[in-house]
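Asks: Mind looking over this structure? Questions follow.
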Amino acid sequence: MSLDLHADPVDLTAALVDVFSVSGAEAEIATAVQDALRAQAPHLEVVRNGDAVLARTNLGRGSRVVLAGHLDTVPENGNFPSRREGSGDEEILHGLGTVDMKGGDAVFLHLAATLREPKHDVTFVFYDNEEVEAVKNGLGRIERELPEWLAGDLAIVGEPSNGVIEAGCQGTMRVELRLSGKRAHTARAWMGENAIHALAEPLRRLAEYSPRIVDIDGLTYREGLQATSISGGVAGNVVPDAAVLTVNHRFAPDRDAAAAERHLREVFDGFELSVVDMSPGALPGLSAPAAAELVAAAGGRAAAKLGWTDVARFAARGMPAVNFGPGNPTLAHTKQENVRTAEIRQVTEVLRKFLG
C-alpha cells in the first residue's frame, strides 16, 4: 500500500489506521512509511532499523528537535478499519490507533514531507513494539544500535494529550511485600499464623497514605500509591503461611528511583519489600530554549503528564521531552477509540509554527 504524505493529515491518519499493525506485526506499515519518505521527502536522510523507520534533516541548524511516534497498536477490538462520523469541526475519526497514536504519526509524517527548510534540524523516529513489554520497545534497540539518531535539544513524543503539551512524566515503581506465617488446619487455627491476615497492617498504611502534590516548573504532579493485587492461600481448610501484596507507586519526577525506593521502604518499614520493576520519570525541562519556544507556539499552555511514556527515555539522555499529540488518552486501548479531526489539524499547525 502507498501513503500520500502531502495529503490532509486527517486522511493520512485514516490511511495509517487502516494498516494492521498490532505489536510484532509492524513490517507492512514500516515499509509503507519507509517507501513514502524516500519517494516524497528526498530532502531527508532515511534509514530502516528492524521495523522502525528514521529520517532527518542535515541543514546545519543550531538546534535539533526529535519527533517520535510508535507505529504499533494494541490488538483490535471490533474497531478496525477506520470510519468517519459527522462533518466540519464536529467530524470524528473512529478506529484502532486513531488516538494511540496514528494521529500523532500522521502529523509527523505530513510535516516530514512538507517542511523542507525548518528552522531547527528535525529527526523523525517511527518505531515498533511500544505497546508491549519494555525490553521489546524499538526505541531501546535504536538507542543501542543508532544512538546518534536520538540526540537533540528537545524531544516531542506524539502520544495523545488532547492537543495540549504535557511535559515530563511520572516515574513508576512496582514492589512486592511478602508476608509469612505458619500453616495449620483451619479446625485448629490457633496453631498457625495466617499470612493473609498479616496484610492488614500494610493495607492500613496504604488506606491512610497521603500522596504528595508537587509543583515543578509551574506544573502540578500528583503522586499515588495503590495496592494492585494480593495473592496467597493454600486450600480451603489450610491457614496460609505466605501472602504477597503488590503495590504500584507513581512518583513525581523530582524523585529518582533510589529516592522513590527509600520512600516506600519508609512507608512499609518492618516488612520485607522487593522492587519488581521501575521506570524513572522525566523532568519537564520547560526552561530549555526549544521547549519554551514550543510552549509559546502552543499558546503558552502546558500541563503535567500523569503517567509514564517514552519521554522518560529521552529525559534520561539529558533532553527536555514532552508529549504532544491529538486525541483523548482515556480513549486509548478502548473499543470506542476516536479522535476529533480538528485536533489533528490543530496539532499539525502548532508544530508547523514551531518548526517553521
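The values are calculated or read from the model by the stated rules, or taken from the named source; none is laboratory data. All figures in this text were calculated on a predicted structure; none of them were measured in a lab. Glycine also receives a Cβ, built like all others from the backbone with ideal geometry; neighbour counts cover every protein chain displayed.
Asks: Counting only residues that are part of a loop (DSSP other than H, G, I, E, B) and either surrounded by 12 or more Cβ atoms within 10 Å (Cβ to Cβ) or not assigned by TED's automatic domain parsing to the domain that holds Phe268 (or both), how many does the stretch 197-217 have?
Replies: The initial filter retains those residues of the stretch 197-217 that are part of a loop (DSSP other than H, G, I, E, B), namely 209-212, 217.
Subset that is either surrounded by 12 or more Cβ atoms within 10 Å (Cβ to Cβ) or not assigned by TED's automatic domain parsing to the domain that holds Phe268 (or both): 209, 211-212, 217.
Result for the stretch 197-217: 4.
Asks: How many residues are under 17 Å from Val347 (Cα atoms) and in contact with a Lys or Arg (Cβ under 9 Å, 6 or more places away or on another chain) when one looks only at the stretch 297-319?
Replies: 2
Asks: Of all strands (runs of 3 or more DSSP E) completely enclosed by the stretch 296-356, which ones contain at least 3 residues that are surrounded by 15 or more Cβ atoms within 10 Å (Cβ to Cβ) and modelled with pLDDT of 95 or more? Break it down into steps so the answer makes sense when it comes.
Replies: Values: elements: 302-304, 321-323, 338-340.
Qualifying strands (runs of 3 or more DSSP E): 338-340.
Asks: On to the next question. Mind telling me which of the residues Val322, Val275 ends up being among the hydrophobic types (A, V, I, L, M, F, W, C), touching an Asp or Glu at 6+ places or on another chain (Cβ under 8 Å) and under 20 Å from Leu67 (Cα atoms)?
Replies: Working: Val275 fails: under 20 Å from Leu67 (Cα atoms).
Testing whether each residue is among the hydrophobic types (A, V, I, L, M, F, W, C), touching an Asp or Glu at 6+ places or on another chain (Cβ under 8 Å) and under 20 Å from Leu67 (Cα atoms) leaves just Val322.
Asks: Scan Leu139, Leu93, Leu150 and give me the residue that is surrounded by fewer than 20 Cβ atoms within 10 Å (Cβ to Cβ), touching a strand residue (DSSP E or B) at 6+ places or on another chain (Cβ under 7 Å) and not charged (D, E, K, R). Working first, answer last.
Replies: Numbers: Leu139 fails: surrounded by fewer than 20 Cβ atoms within 10 Å (Cβ to Cβ); Leu93 fails: surrounded by fewer than 20 Cβ atoms within 10 Å (Cβ to Cβ).
Among Leu139, Leu93, Leu150, only Leu150 is surrounded by fewer than 20 Cβ atoms within 10 Å (Cβ to Cβ), touching a strand residue (DSSP E or B) at 6+ places or on another chain (Cβ under 7 Å) and not charged (D, E, K, R).
Asks: Still on this structure: Given the conditions (1) surrounded by 18 or more Cβ atoms within 10 Å (Cβ to Cβ); (2) in a strand (DSSP E or B), and given that Thr246 satisfies all but one, which numbered condition is not satisfied?
Replies: Condition not satisfied by Thr246: (1).
Asks: Condition check: in contact with a Leu (Cβ under 8 Å, 6 or more places away or on another chain), surrounded by fewer than 19 Cβ atoms within 10 Å (Cβ to Cβ) and not acidic (Asp, Glu). Does Asn58 satisfy that?
Replies: On the way: in contact with a Leu (Cβ under 8 Å, 6 or more places away or on another chain): no; surrounded by fewer than 19 Cβ atoms within 10 Å (Cβ to Cβ): yes; not acidic (Asp, Glu): yes.
Taking the combined requirement at face value, the residue does not satisfy it.
Asks: Among the residues in the stretch 171-193, are any assigned by TED's automatic domain parsing to the domain that holds Val244, farther than 22 Å from His43 by Cα and of a type in the set (Asp, Glu)?
Replies: Yes, there is a match, as at least one residue in the stretch 171-193 is assigned by TED's automatic domain parsing to the domain that holds Val244, farther than 22 Å from His43 by Cα and of a type in the set (Asp, Glu).
Asks: Continuing with this model, one more query. So Val132 passes all but one of these: (1) under 16 Å from Leu37 (Cβ atoms); (2) in contact with a Ser or Thr (Cβ under 7 Å, 6 or more places away or on another chain); (3) part of a loop (DSSP other than H, G, I, E, B). Which condition number does it fail?
Replies: Val132 satisfies every listed condition except (1).
Asks: Could you tell me whether any residue of the stretch 5-14 is closer than 27 Å to Gly140 by Cα and under 21 Å from the mean Cα position of the chain (by Cα)?
Replies: yes
Asks: Pick out the one residue from Thr309, Thr334, Thr348 that is out of contact with any strand residue (DSSP E or B) (no Cβ under 8 Å at 6 or more places or on another chain), under 26 Å from Arg174 (Cβ atoms) and in the same structural domain as Gly95 (by TED's automatic domain parsing). Before the answer, list the steps.
Replies: Working: Thr309 fails: out of contact with any strand residue (DSSP E or B) (no Cβ under 8 Å at 6 or more places or on another chain); Thr348 fails: under 26 Å from Arg174 (Cβ atoms).
Being out of contact with any strand residue (DSSP E or B) (no Cβ under 8 Å at 6 or more places or on another chain), under 26 Å from Arg174 (Cβ atoms) and in the same structural domain as Gly95 (by TED's automatic domain parsing) holds for just one of Thr309, Thr334, Thr348, which is Thr334.
Results for (1) more than 22 Å from the chain's Cα centre (by Cα); (2) in the same structural domain as Asp310 (by TED's automatic domain parsing); (3) more than 30 Å from Gly60 (Cα to Cα), shown as yes or no for each residue.
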residue: Glu90; (1), (2), (3): yes, yes, yes
residue: Ala113; (1), (2), (3): yes, yes, no
residue: Val122; (1), (2), (3): no, yes, no
residue: Tyr127; (1), (2), (3): no, yes, no
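Asks: Sticking with this one: Restrict the check to the stretch 69-76 and report whether at least one residue is among the hydroxyl-bearing types (Ser, Thr, Tyr) and over 25 Å from the mean Cα position of the chain (by Cα). Step through it out loud before you land on a result.
Replies: Of all residues in the stretch 69-76, those among the hydroxyl-bearing types (Ser, Thr, Tyr) come to 73.
Retained after the next criterion (residues that are over 25 Å from the mean Cα position of the chain (by Cα)): none.
Within the stretch 69-76, not a single residue is among the hydroxyl-bearing types (Ser, Thr, Tyr) and over 25 Å from the mean Cα position of the chain (by Cα).
Asks: Does Ser287 fit the bill of being exposed (fewer than 15 other Cβ atoms within 10 Å of the Cβ), free of Cβ contacts under 8 Å to residues at least 40 places away in the same chain, in a loop (DSSP other than H, G, I, E, B) and under 30 Å from the mean Cα position of the chain (by Cα)? Walk me through how you get there before you give the answer.
Replies: Numbers: exposed (fewer than 15 other Cβ atoms within 10 Å of the Cβ): yes; free of Cβ contacts under 8 Å to residues at least 40 places away in the same chain: no; in a loop (DSSP other than H, G, I, E, B): yes; under 30 Å from the mean Cα position of the chain (by Cα): yes.
Against the criterion (exposed (fewer than 15 other Cβ atoms within 10 Å of the Cβ), free of Cβ contacts under 8 Å to residues at least 40 places away in the same chain, in a loop (DSSP other than H, G, I, E, B) and under 30 Å from the mean Cα position of the chain (by Cα)), Ser287 does not qualify.
Yes or no, residue by residue, for (1) part of a loop (DSSP other than H, G, I, E, B); (2) touching a residue at least 60 places away in the same chain (Cβ under 8 Å); (3) surrounded by 14 or more Cβ atoms within 10 Å (Cβ to Cβ):
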residue: Leu179; (1), (2), (3): no, yes, yes
residue: Trp190; (1), (2), (3): no, no, no
residue: Ala195; (1), (2), (3): yes, no, yes
residue: Ala227; (1), (2), (3): no, no, yes
residue: Ala235; (1), (2), (3): yes, no, no
